[in-house]
1. Quick one: is residue 125 modelled with pLDDT of 95 or more, farther than 30 Å from residue 348 by Cβ and buried (at least 23 other Cβ atoms within 10 Å of the Cβ)?
2. Return the total of residues in the stretch 113-161 being among the β-branched types (Val, Ile, Thr) and in contact with an Asp or Glu (Cβ under 9 Å, 6 or more places away or on another chain).
3. Quick check on the stretch 33-66: of everything there that is among the hydroxyl-bearing types (Ser, Thr, Tyr) and either without any contact (Cβ under 8 Å) to a residue 40 or more places away in the chain or touching a Gly at 6+ places or on another chain (Cβ under 9 Å) (or both), which residue is surrounded by the most Cβ atoms within 10 Å (Cβ to Cβ)?
4. Would you confirm whether any residue within the stretch 168-186 is farther than 30 Å from residue 336 by Cβ, in contact (Cβ under 8 Å) with a residue 40 or more places away in the chain and buried (at least 21 other Cβ atoms within 10 Å of the Cβ)?
5. Can you name the number of the only condition in (1) over 25 Å from residue 248 (Cβ atoms); (2) buried (at least 18 other Cβ atoms within 10 Å of the Cβ); (3) touching a Ser or Thr at 6+ places or on another chain (Cβ under 7 Å) that residue 3 fails?
6. Checking the structure you have, find out if any residue of the stretch 74-84 is touching a strand residue (DSSP E or B) at 6+ places or on another chain (Cβ under 8 Å), in a strand (DSSP E or B) and more than 15 Å from residue 279 (Cα to Cα).
7. Go through the residues of the stretch 84-101 one by one and say whether even a single one is surrounded by fewer than 20 Cβ atoms within 10 Å (Cβ to Cβ) and without any contact (Cβ under 8 Å) to a residue 24 or more places away in the chain.
8. Looking only at the stretch 134-189, count how many residues are over 26 Å from residue 31 (Cβ atoms), touching a Pro at 6+ places or on another chain (Cβ under 9 Å) and either not assigned by TED's automatic domain parsing to the domain that holds residue 120 or not in a strand (DSSP E or B) (or both).
Amino acid sequence: MNISEIRSQFPILSQKVHGKPLVFLDSAASAQKPDVVIDSMANMMRSEYANIHRGLHWMSERATEAYEVARSRVASFLGAASREEIVFTRNSTEAINLVAYTYGSLLKPGQVVLISEMEHHANLVPWQMLRDRTGIELRVTPITDDGDLDLDAYGQHLSDGKVALVAITHMSNVLGTITPAERLVAMAHDAGAKILLDGSQAVVHRKTDVQKLGADFYTFTGHKLYGPTGIGVLWARRELLDAMPPFMGGGDMISSVTFEKSVWAPVPAKFEAGTPAIVEAVGLGTAIDWVESIGYEAIGAHEAALTAHALRVLPDVPGLSIVGAPRERGGVISFTMEDVHPHDIATLLDRNGIAVRAGHHCAEPLMHRLGLTATARASFGIYTTEDEIDVLAETLKRIRQFFV
């Protein structure tokens, strides 16, 4: 894989920030976009934009075809049984809320939704809202001190047969932990539970096949996968989507409407009320094509090398502690530095052209579990280089000296 050639496809990376070359280490929050994605969206708006599904004119038919081709691309990308199992949303947050509101409405008081201690707020708050609305029980399965799921405890939570749905991240946005998804799915199903996997981070770093995983629901967001914001994906088994009520009412999600009642359209239209993110869906389809043209084997090898390099050089920074030591980690590393607040770390790194994230990373309960209020986080993309990680380490050493 030619990193220089790949980097040349990202115009934003050639910028300077505060007079220093940009070192972008915040891809877990949102990845940069290659020219091909930018161009595909611009070309769509320039040459074949119209509203979709309803129009009988040529331009609407062209736009509808482009939108539905994007759906087919996502279905192929995830290994879905059919394109009808792909529902476009705004992001993973909306996708999880859709499941919580619709599938959640089928749950009964006393049934349990099981999540983990490492969840993003997007996979916690909707279940709290469901609990408060319907009287279901919300359980939290713990992690180990290293940042892995405690599988024994997970099994214990499932053992009483009350868990109706498990909702767990496929890869932690804080610790980088890659969870043993196939095993989690098998254990959930053995206990009679359905399972949702939040793949927002995972799909960036590894090939994901929902049939192989065996999950019931899978979510991800476009903007972390080198695509645009405003487009996310819910995959679910067709029989589940058919059983679930609509999430929102409006145009395009109906088969017929009278003043007395409405009849819902078949899936996926039933869950896509109103004008969707047409251009963004096209951009996501292009991003998937671009990622797959490079290949996950090459992407995985590159990011594994980056992560291993970072785990070697960052501990050389005086006072720096890496948070977590999971058995399998993606390209996300959170860290703290003795006597230096993470917000100060991020601010001073920014003055040197280095972009990292600092705070609780929308995972406050995980921070409490770790005994922290915040961390700094470096996260890697396909365009990240080992030289950039070295720049990060050397700059952190200077920051440390400044505070000592």
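1. No, not satisfied.
2. Filtering the stretch 113-161 down to residues among the β-branched types (Val, Ile, Thr) leaves 113, 115, 125, 134, 136, 140-141, 143-144.
The next check asks that each one be in contact with an Asp or Glu (Cβ under 9 Å, 6 or more places away or on another chain); those that pass are 113, 140-141, 143-144.
Here the count works out to 5.
3. Selected residue: 40.
4. Going through the stretch 168-186, the residues farther than 30 Å from residue 336 by Cβ turn out to be 182-183, 185-186.
Filter once more, keeping what is in contact (Cβ under 8 Å) with a residue 40 or more places away in the chain: none.
The answer is no; no qualifying residue exists.
5. The failed condition is (2).
6. Among the residues of the stretch 74-84, not one is touching a strand residue (DSSP E or B) at 6+ places or on another chain (Cβ under 8 Å), in a strand (DSSP E or B) and more than 15 Å from residue 279 (Cα to Cα), which makes the answer no.
7. No, there is no match, as no residue in the stretch 84-101 is surrounded by fewer than 20 Cβ atoms within 10 Å (Cβ to Cβ) and without any contact (Cβ under 8 Å) to a residue 24 or more places away in the chain.
8. The total comes to 9.
The values are calculated or read from the model by the stated rules, or taken from the named source; none is laboratory data. Everything quoted here is computed from the prediction, not taken from an experiment. We place every Cβ from the backbone using ideal geometry, glycine too, and count neighbours over all the protein chains shown.
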